[in-house]
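Data first, discussion second: the structure below is written as structure tokens.
The values are calculated or read from the model by the stated rules, or taken from the named source; none is laboratory data. None of the values given here were measured: they were computed from a predicted structure. Positions of Cβ are generated from backbone atoms using ideal geometry, with glycine treated the same way; all protein chains shown enter the neighbour counts. Quick note on the areas: whole protein, heavy atoms, side chains included, nothing else; ligands and nucleic acids left out. Shrake-Rupley method; radii C 1.70, N 1.55, O 1.52, S 1.80 Å.
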Amino acid sequence: MVINLSKEYSLISNWVSELRDVELQNDPMRFRRNLERLGEVAAYEISKRMEWEEKEVPTPLGIATCKLLKQQPVLATILRAGLPMHNGLLNYFDKADNAFIAAYRKHKSDGSFIINLQYMSCPDIDGRVVIISDPMLATGASLVKSIQFLKQEGDAKAVHIVCAIACTVGIEYVLRELPTATIWCGDIDDELTAKGYIVPGLGDAGDLAYGIKLQQ
């Protein structure tokens, strides 16, 4: 399942337009905050699909029956670009456990690349909802490999993928490899370059959020 959060032309559309705008991208704090906002909205929407239970809560004047999350999710992200969206998710799921994965494109001299996984810190995910964030879903290779890496730690009950921009090619690949996953995205683009970059996209989210890196 794929949910395009900007389809209703809400504030999501404004934030996505700012993320894409080459002039506004000169402000990394604004760029990070817009990714964080997308994570917050995604957290709110995902929470509607989670299991809740009733609990009696004492107040100064009596007892209130409230609905609380039955189980906290596990929030996962791919370093480093996913950190702002992860922070947004964590702002709302503030009692969640967290997982971090170091995955990146290792480029070859011919312009092609492989996905290099170097590190994972993860709690037990068996029987739990996992929400993984990565701003750009391009080919989908790094996300699929990262989720498969996570699944070594247990069988998740549900997997939600949160991204700012997704490409149709990547969406198709992810759903082919992970048919039960749900993808939440700020917007969807149709074109992918030969080097695996989304067009029009927004550029390199990690560089825009945290500064230009040396190419690996």
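Applied to the stretch 191-208, the Karplus parametrisation 6.51 cos²θ - 1.76 cosθ + 1.60 on θ = phi - 60° returns per-residue 3J(HN,Hα) values of 9, 10, 6, 4, 8, x, 10, 6, 10, x, x, 8, x, 8, 4, x, 5, 5 Hz, with x for Gly and Pro.
For Ile183, the residues 5 or more places off, or on other chains, whose built amide H falls under 5 Å of its own are Val2, Ile3, Ile161.
Any chance you could tell me what percent of the C-alpha pair distances in the stretch 115-163 go past 12 Å? Distances greater than 12 Å cover 64 percent of the Cα pairs.
In a fully extended conformation the segment linking Asp21 and Ser121 would gain 32.6 nm over its present Cα-Cα distance, using 0.36 nm per residue. Fully extending the segment from Thr180 to Met29 would add 50.9 nm, taking 0.36 nm per residue of separation and subtracting the current Cα-Cα distance. In the chain, the DSSP-assigned H stretches of four residues or longer account for a calculated mean residue ellipticity at 222 nm of -9000 deg cm²/dmol, using -39500 (n - 2.57) per stretch and the full residue count as denominator. For the chain, the spread of Cα coordinates along the three principal axes comes to 68, 39, 28 Å, biggest extent given first. Taking the DSSP bridge list for the stretch 127-216 and keeping only pairs wholly inside it, about 10 percent are antiparallel. Under a model in which nothing but the beta-carbon of Lys, Arg (+1) and Asp, Glu (-1) is charged, the chain shows a dipole of about 340 debye around its Cα centre. Solvent-accessible surface (1.4 Å probe) assigned to Tyr119 amounts to roughly 120 Å². Here the relative contact order of the chain, from alpha carbon pairs under 8 Å that lie six or more residues apart, stands at 22 percent.
A simple spin-label model places the labels of Lys151 and Asp97 1.9 nm from each other, with each point 7 Å out along Cα-to-Cβ. Amide H contacts of Gln72 (H built 1.01 Å from N, in plane; Pro and chain starts excluded): no residue 5 or more places away or on another chain comes under 5 Å.
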